[in-house]
1. Checking the structure you have, find out if any residue of segment B:97-114 is touching a Leu at 6+ places or on another chain (Cβ under 6 Å) and either in a helix (DSSP H, G or I) or among the β-branched types (Val, Ile, Thr) (or both).
2. Which of the residues spanning segment A:96-122 are surrounded by 12 or more Cβ atoms within 10 Å (Cβ to Cβ) and assigned to a loop (DSSP other than H, G, I, E, B)?
3. Filtering segment B:80-124 down to residues that are within 16 Å of the ligand (Cβ to nearest atom) and β-branched (Val, Ile, Thr), which residue is farthest from the other protein chains (Cβ to nearest Cβ)?
4. Of the residues that make up segment B:68-78, is at least one modelled with pLDDT under 95 and more than 30 Å from A:ARG58 (Cβ to Cβ)?
5. Among the numbered criteria (1) more than 9 Å from chain B (Cβ to nearest Cβ); (2) at pLDDT 95 or above; (3) surrounded by fewer than 18 Cβ atoms within 10 Å (Cβ to Cβ); (4) closer than 30 Å to B:GLY93 by Cα, which one does A:GLU45 miss?
6. Could you tell me whether segment B:142-149 includes any residue that is at negative phi, assigned to a loop (DSSP other than H, G, I, E, B) and touching an Asp or Glu at 6+ places or on another chain (Cβ under 8 Å)?
7. Name the residues in segment A:48-68 that are crowded, with 17+ Cβ neighbours inside 10 Å and on the phi > 0 side of the Ramachandran plot, would you?
8. Across segment B:153-186, what is the total count of residues that are within 20 Å of B:VAL9 (Cα to Cα) and in a strand (DSSP E or B)?
Amino acid sequence: MSIQDIRAVPVTGPAMEVPMMPTAVQAGFPSPALDFVHESINLQEHLVYDPPATFIARVSGDSMVGAGISHGDQLLIHKGTRPRDGDVVIAVLDGQFTVKRLRLTGTGVRLEAANPEYPDIEVPELSELSIWGVAYMCLHGLR
Amino acid sequence: MSKHLLALVDVNSFYVSCERAFDPTLEGRPVLVLSNNDGCAVAMSAEAKELGITVGAPWFKLAPNAQRHGLVARSSNYELYGDMSHRFLQVIGEHSHEVEKYSIDEAFAGYGGPLQGAGPWAERIRRDIAERLSLPVGIGVGATKTLAKLANLAAKRVPGMRGVCVWDGLDAEYRDWVMSRLPVQQIWGVGPRSAKKLAAHGVTTAAALRDADAQFVRRLLGVTMMRTVLELRGQPCIQLEEEREFRDSLVFSRSFSTPVSTREIMAQVMASYAQRACTRLNSRSTEAKTLTAWAMTSQFNSAAEDSPSATLSLPAPTNDPVLLTRAAQALLPRMTEGTRYTKAGITLTDLSPRGAQPAFDLFAEPQQDKGIGPLLQQVREKSGTDAIGMGRGGMRTAAEWEMRREMMSPRYTTRWQEMLEVHAR
Ligand SMILES: [Mg+2]
């Protein structure tokens with residue numbers, strides 16, 4: 001190991017978590033194991049990009065099966081992010097949280113189901129829609 | 001010129017806003033959140049206030065007419081509120097390096113930069129919390145904590161401010177006008193008793209307190225109130241970290257002469273310890289926000305080692321023996337029947353000075369106000385510690401810790417089984 005970067009660590013910032021390393025190192029011969037000390041993969045860290053604004057919800061219904069979202073799956077939802085064309089969003093429709101695919105077309109906004117049995121919903125403008133959050137990942141159990 | 005300012009960020013109708021964040025049907029309707037056991041209103045939306053409902057209103061009286069008014073009640077969902085409170089602090093932490101949690105729905109945050117930048121900075125925080133958490137906040141910014149609190153009141157009450165008020169950005173005449181209309185008891189740190197003493201000397205408004213002789217105020221009400229005077233003049237006296245001196249803990253624990261091995265006896269132990277811990281809280285004029293009840297086996301008994309504990313976040317800082325006694329019972333399900341416990345205790349943390357949080361009255365449990373605590377206290381002083389007790393501490397069969405919460409919304413963010421449901425149809 002070589003030192004590549006030296007800098008001041010701010011003491012006022014949030015606490016940092018540091019993986020535990022063996023402290024007693026034999027002088028003269030660095031242990032090769034030191035280079036491989038690492039914590040197990042933390043799913044939370046990799047699946048949740050914005051912890052305070054991330055929420056999880058369970059899907060009820062099969063209108064989104066074509067998008068790989070089935071009844072009983074869990075969605076990770078990022079709140080407060082700007083929805084883009086093609087995003088799967090949680091829209092508030094008649095007081096209910098509803099999963100749809102958002103289409104921003106030249107002429108207006110369309111909320112699409114991903115199942116031919118369900119109709120699409122047309123809205124003249126995005127501002128008339130209440131989007132609660134953007135679903136960015138689907139947890140789909142395989143057993 | 002660069003300035004150091006403090007913001008007080010406060011969620012409007014916090015409990016109700018948390019409920020609304022996960023239930024769009026509550027938007028625009030009168031909503032109440034009820035106390036433990038669904039007894040009475042502890043928080044409400046602006047629409048409910050407009051119906052003339054006040055904190056403490058008993059639910060059984062409101063219920064018959066609820067439907068006619070479109071009034072919705074929810075049992076208090078402390079897990080949800082606690083989790084949202086944590087998220088709220090995290091978001092503020094992204095905007096400031098100095099954040100101090102003040103209560104479940106209030107935090108101070110430091111700002112350094114030009115005065116003109118303070119308004120846009122506060123507005124960014126307000127928008128961020130609204131967009132990422134669906135929580136509406138009011139933000140007051142001032143040179144001191146006391147002024148930040150005061151600006152926060154203005155931010156909420158003056159319609160044109162739309163939730164953000166930078167005290168130092170207002171012109172001097174306008175600030176005088178606001179202060180001369182603000183009753184002295186609405187200032188942070190001025191309790192009803194102090195307000196009465198001040199009124200006796202003609203000090204009835206914020207402006208009058210600011211202009212009072214600081215030494216005179218010190219003689220009348222002590223150094224704390226003198227600091228309030230100086231803070232109203234823009235001189236910082238109450239530092240962000242000063243709160244720490246109250247943040248110590250209080251422990252009441254004892255070893256048993258005979259090991260305790262049943263839940264029934266442990267329930268009595270917990271009730272009795274909770275009430276003694278209360279006595280100590282009272283003698284220090286403090287209130288606790290968090291209670292940990294714990295027990296342990298002998299350190300020499302490694303064969304059946306067990307040290308169960310349960311930590312509860314109380315809805316509001318309290319010194320209410322009823323609430324604390326009930327909270328301490330949370331240990332019982334964690335212990336193993338038949339194990340010989342040799343020591344148990346109650347640790348109270350998150351202590352704050354009693355009455356130092358006027359903005360928090362809204363969340364106070366009604367039975368915690370005056371009433372039973374001091375009464376128990378008086379009896380104990382006259383007749384000894386064991387002369388009177390509550391619940392199992394009084395050796396009576398008491399209500400179960402399980403609270404009645406019939407109208408509780410799901411604990412969306414803390415329980416996997418209760419997560420939000422979204423419809424695909
Ligand atoms: Mg509030």
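The values are calculated or read from the model by the stated rules, or taken from the named source; none is laboratory data. The shown structure was predicted, so the numbers you read here are calculated from the model rather than taken from an experiment. Cβ coordinates were reconstructed from backbone atoms using ideal geometry, including for glycine residues, and neighbour counts include every protein chain displayed.
1. No, there is no match, as no residue in segment B:97-114 is touching a Leu at 6+ places or on another chain (Cβ under 6 Å) and either in a helix (DSSP H, G or I) or among the β-branched types (Val, Ile, Thr) (or both).
2. A:GLY108, A:ALA113, A:ALA114, A:ASN115, A:TYR118
3. Among them, the one singled out is B:ILE104.
4. Scanning segment B:68-78, I find at least one residue that is modelled with pLDDT under 95 and more than 30 Å from A:ARG58 (Cβ to Cβ), so the answer is yes.
5. The single condition A:GLU45 does not satisfy is (2).
6. The answer is yes; a qualifying residue exists.
7. Listed by number, the list holds a single entry, A:GLY61.
8. Matching residues across segment B:153-186 total 3.
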